[in-house]
1. Just check the stretch 334-419 against the gyration tensor rule for me: Cα atoms, a ≥ b ≥ c as the square roots of the eigenvalues, rounded for a/c under 1.5, and otherwise prolate or oblate depending on whether a/b exceeds b/c.
2. Once a ≥ b ≥ c are taken as the square roots of the eigenvalues of the Cα gyration tensor of the stretch 96-231, is the result rounded (a/c under 1.5), prolate (a/b larger than b/c) or oblate (a/b not larger than b/c)?
3. How large is Rg/Rh for the stretch 282-397, to two decimals, with Cα atoms and a Kirkwood Rh?
4. In debye, nearest 20: dipole of the stretch 25-151 around its Cα centre with unit charges on the Cβ of K, R (+) and D, E (-)?
5. Take each of the peptides 134-140, 119-125, average the number of other beta-carbon atoms within 10 Å over its residues, and list them starting from the highest.
6. Could you tell me what % of all Cα pairs in the stretch 31-86 have separations over 18 Å?
7. Would you work out which of 68, 167, 154 lies farthest towards the positive end of the dipole of the stretch 30-171, given +1 charges on the beta-carbon of Lys and Arg and -1 on that of Asp and Glu, about the Cα centre?
8. Rounded to the nearest 0.05, what FRET efficiency do residue 241 and residue 121 have when you use their Cβ-Cβ distance and R0 = 51 Å?
Amino acid sequence: MYKVIFIIYNIDLGQDIQQKGTHIMKQTYQRTLTACYTGYVVQAIVNNFIPLLFLTFQNTYHISMSNITLLITANFLIQLLIDCLSAGFVDRIGYRASMILAHAASAAGLICLTFLPDLLANPFIGLLLSVAIYALGGGLLEVMLSPIVEALPTDHKEKTMSLLHSFYCWGHVAVVLASTIFFSLFGLENWRIMALMWALIPIYNLFVFRKVPLCTLTAEDEETLPLAAILKRPAFWILMVVMTCAGASEQAVSQWASTFAEQGLGVSKSIGDLAGPMFFAVCMGSSRMLYGFYGDKLNLKKTMIASGLLCIFSYCLISLSPVAAVSLLGCGICGFSVGIMWPGSFSIGASVLKGGGTALFALMALAGDLGCSGGPTYVGFISDHAGGNLKFGIQMAVIFPALLMAGILLLKNKKSSMR
């Protein structure tokens, strides 16, 4: 009798210890997940804070518009370069070192922004160096955050990935709102203080990433595909098209949302930024958050196709409506429709190309960035050849969501379900 009781007690104790261990593991990786969420807020800061100061830089440092444009180009090109190079060096130095470097560079760039332009004889060189430093951090964050989250032992990875990417949207909204409020209360001349305040976030997250547990993207019993093998897979090139179209579908409208608000509604630039890009970002973030909460009830591939159809509808609403307010509503619908495209493409890529590792995510990020650049450029080129008709340019951009849907249909997923 005593032996039976002893055996039962040990079984119960073992189960209790296992349950507690599982709970502790989930809590531990929750810290990693939260740090990744904050990482996307950091990327939103480095990408969206300095554009709020372009006019200030022009007036303070007497910088030409062409040089201001060069700051945008430098940020974009350096992040693209990091996308290309990271496929080769990230796995060598490790995830933790990469994330520490990314946050250190992001913070350093924001801090340098406050003194380098005044320290150097040519203020533009100081601005360009600051942008180059934080662009290094932003590029690494974009490459690293998705594979780190994909590697975590979480259920419903598609939901988690969507929720992760929603934090870039909320970070964008926070940067515009908080900075606008600060400038209204304390004056635009104190922008350096605001830059230092934003730099505190990557500094804090750097120390968090020093301690949180990280997992490898490829399981121990799973063979890692070499880069040459990835490039030979037809599915990879379809994924590259899908990812390019995801970025293009998003930015083809996002980059012109402020113009619609200003010209169509006849409001100031400040109000136009709030009614245009911020409205777009809120709708996109809401879409990603909703999928993050309820994505386990949806089929990802079907959701992506439905998003493509809704995106085409929003383009038609923007380009064909004679009412400016309806066109602006179309911008919001577009933001909602493209929300799942970028994180959804990552999730499908990880499922279709098992063992692709960090190299796959880096190349997909590269394709997405090319789409983000090419989408608005395509719209601008078509609009220019149509006599400056921006609505016609956006109408012709329906090719991007159409190609995305075609690519999703062509991909044959190794899993039986994308839930």
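Here, each number is a calculation from the coordinates, and none is a lab measurement. Predicted model, so just to flag it, every value in this text is computed and none were measured. Cβ: placed from backbone, ideal geometry, glycine included. Neighbour counts: every protein chain shown.
1. Prolate is the answer for the stretch 334-419, as a/c is 1.5 or above and a/b outweighs b/c.
2. Taking the square roots of the gyration eigenvalues as a ≥ b ≥ c, the stretch 96-231 is prolate.
3. With Rh from the inverse mean 1/r over Cα pairs, Rg/Rh is 1.03.
4. Roughly 300 debye, rounded to the nearest 20.
5. For the peptides 134-140, 119-125, the packing ranking is 134-140, 119-125.
6. The proportion of pairs with Cα distances above 18 Å equals 50 percent.
7. Positive-most Cα among the choices belongs to 154.
8. Once the sixth-power term is evaluated, E becomes 0.65.
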